[in-house]
Amino acid sequence: MHRRQFLRAVAGTAGLSTAALTARDGDARSTAAGASGATDATTASADSAATGTPSGTPTPTPTEAVATPTADYEPLGSAAVEGATETVLTPDGETAFVAVGDGFAVLDLSDPANPTVVASERDVSPRGTGQTMGGVRDVKYDDGRLLVGGPAGYDPDSFYGVALFDVSDPADPTFLRAYETAYPVHNCDLSGSHAYLTRSDRDANPLLVVDVGREDPREVARWSVLDRDPVWESVPQQLRTLHDVFVRDGFAYLAYWDAGTWVLDVTDPADPAYVADLRERDPETLAALDGLAVSRENAEPPGNDHYAATDPDSALLAVGKESWNSNFGKEGTTPGPDDPGGPSGIAIYDIADPRSPEHLSTVDPPPTADTNVNGVWTTAHNFELAAGRLYSSWYRGGVAVHDLSDPADPERVRYFRRSSTTRFWTAQLTAPGGAVVATSYGNPSDPDAPARVYTFPDVARATPTPEAGDATTVPTGSGGRSPAEAGVGGESGDGGEAGPDDRTDATETGGATTGGGPGFGPAAALTGLGIGAWRLLGSGETGDAE
């Protein structure tokens, strides 16, 4: 029996609700083709399982920034793209689509050392709305189509919803249709003929599923944590906001901030079914908070699940957490024993059985000389799991590559950081051994400078030596990859212009490797064999995910 069928059977016997959710007023407007005016938890539960979702221990804060320039890892090239934030790639890694606030831009990556803008669609205005898209911070690609969502926050002058484009010819995007919502779309995903939207309604904050394969797009389902357990209604809504959604292999992964990360079976998009949730806070604890305590909880660890994504085999799940030190209602500017605020990292899980995720490790955030909300941000942002590695962005903490040959012990093998001139939003892999694409959405030293899309070399892939008499060549890497998919946070900026704490990098601590870390050897060879080899060699289990 296929894993998804098995989970459906389990859900049925356990009495879990799998009914399609009734649509509410306000999200049923759509716009047809030809309409664009643009020319250019300490507790994790799955009824039977309990594992943690650690945020990682905040790095001790140095009193002064100490220069630790990264070694042997510099950009291959870059392109200025005004307003750039989220970036996704085609499966072949030849093309990047970049969210730019009022639409999107298209970059040719065939020469990674010379990324080039070949098209843009700005001032997108679906026919009949009289409004243009604004606050676009997310785009998603699937099979020749691009989903553009926004605004990320409340903006009365913007079109609310998503627009779908045919980008089979990346240099000549064609508007197909749009779906209008009554609330902001902070993030979205596209899988087949269905769009998955975060509906930021400041109430239930549900996942909205829309059939965009129709000429007249239609909502087919919605789901929120309130549907799973009404007790969540007593929790302040800002602590259970649906920040992002990631869909792969019939499962949706919902980053619900302090309510944790929730896994749904969306084999039938019109009938989402609960599978599991991973969280560090129970609803009773969150419901007891009020006033400034809610603001502190919203900003500080634990919790703050910001983005979740799996590797291409759906064997590993990574959950990134976005946090700071808030000091709301408190004196002082640094964390202490009773104020553990600061940046959070990325937790790695084994999800061979999605009903029972097993926490393996947490990648800690880079250090910062100022952990406050208006300080130097080095908390986790968007990332990708691909070809046995984690490609991650950390705002002014830079871009990192971690080897996941042993996902219980990630090893940082590449790292780039220039806190005074870059703020990174995402990191994506073009192809194993190819290039890493990372967007810096701002220059702290020069607010007027345009955002830039950078390319970096991937870690070289080792080719295992064939056994004697073996006439075949062992392939390099772990095979293909799927398009990158990612999200956003409260990312209007971090701490303003460059100051004494961000002109240089903070002291590195812990066991992370240097920027010129290993790219070859036994660890790299094992990465090429993939997660299955880790399970067979390291865990003693079969590694059979079906």
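One table, with the values for the structure above:
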read-out: Any hit, the stretch 89-111, residues being modelled with pLDDT of 95 or more, at positive phi and not in a strand (DSSP E or B); value: yes
read-out: Residue that is nearest to Tyr307 (Cα to Cα) [pool: residues in the stretch 345-362 that are crowded, with 24+ Cβ neighbours inside 10 Å and in contact with a Gly (Cβ under 7 Å, 6 or more places away or on another chain)]; value: Ile346
read-out: Odd one out for Phe328, checked against (1) at pLDDT 95 or above; (2) among the hydrophobic types (A, V, I, L, M, F, W, C); (3) open to solvent by 40 Å² or more (accessible area, probe 1.4 Å); (4) in contact with a Leu (Cβ under 7 Å, 6 or more places away or on another chain); value: (1)
read-out: Of residues in the stretch 191-210 being among the hydrophobic types (A, V, I, L, M, F, W, C) and over 16 Å from Tyr160 (Cβ atoms), the one surrounded by the fewest Cβ atoms within 10 Å (Cβ to Cβ); value: Ala204
read-out: Scan of the stretch 126-148 for residues that are in contact with a Phe, Trp or Tyr (Cβ under 7 Å, 6 or more places away or on another chain) and modelled with pLDDT under 95, ordered by number; value: Pro126, Thr129, Gln131
read-out: Enumeration of residues in the stretch 252-278 that are closer than 15 Å to Arg355 by Cβ and open to solvent by 20 Å² or more (accessible area, probe 1.4 Å); value: Thr267
read-out: Residue within the stretch 232-242 that is touching a helix residue (DSSP H, G or I) at 6+ places or on another chain (Cβ under 9 Å), closer than 30 Å to Ser120 by Cβ and surrounded by 21 or more Cβ atoms within 10 Å (Cβ to Cβ) present; value: yes
read-out: Count of the stretch 376-412 residues which are crowded, with 24+ Cβ neighbours inside 10 Å and either part of a strand (DSSP E or B) or among the aromatic types (Phe, Trp, Tyr) (or both); value: 17
read-out: Options Pro450, Pro464; residue that is at pLDDT 95 or above and over 16 Å from the mean Cα position of the chain (by Cα); value: Pro450
read-out: Number of the exception - Arg228 against (1) open to solvent by 10 Å² or more (accessible area, probe 1.4 Å); (2) under 26 Å from Val88 (Cα atoms); (3) of a type outside the set (A, V, I, L, M, F, W, C); value: (2)
read-out: Meets criteria (among the charged types (D, E, K, R) and either open to solvent by less than 10 Å² (accessible area, probe 1.4 Å) or at pLDDT below 95 (or both)) for Arg24; value: yes
read-out: Conditions (1) aliphatic (A, V, I, L, M); (2) closer than 30 Å to Leu107 by Cβ; (3) surrounded by fewer than 22 Cβ atoms within 10 Å (Cβ to Cβ): number failed by Ala178; value: (3)
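The values are calculated or read from the model by the stated rules, or taken from the named source; none is laboratory data. No experiment lies behind these values; they were computed from the predicted model shown. So basically every Cβ, Gly included, is an ideal-geometry build from the backbone, and we count neighbours across all protein chains shown. To get the accessible areas, we keep the full protein, side chains included, count just its heavy atoms, and leave off ligands, DNA and RNA. Shrake-Rupley method; radii C 1.70, N 1.55, O 1.52, S 1.80 Å.
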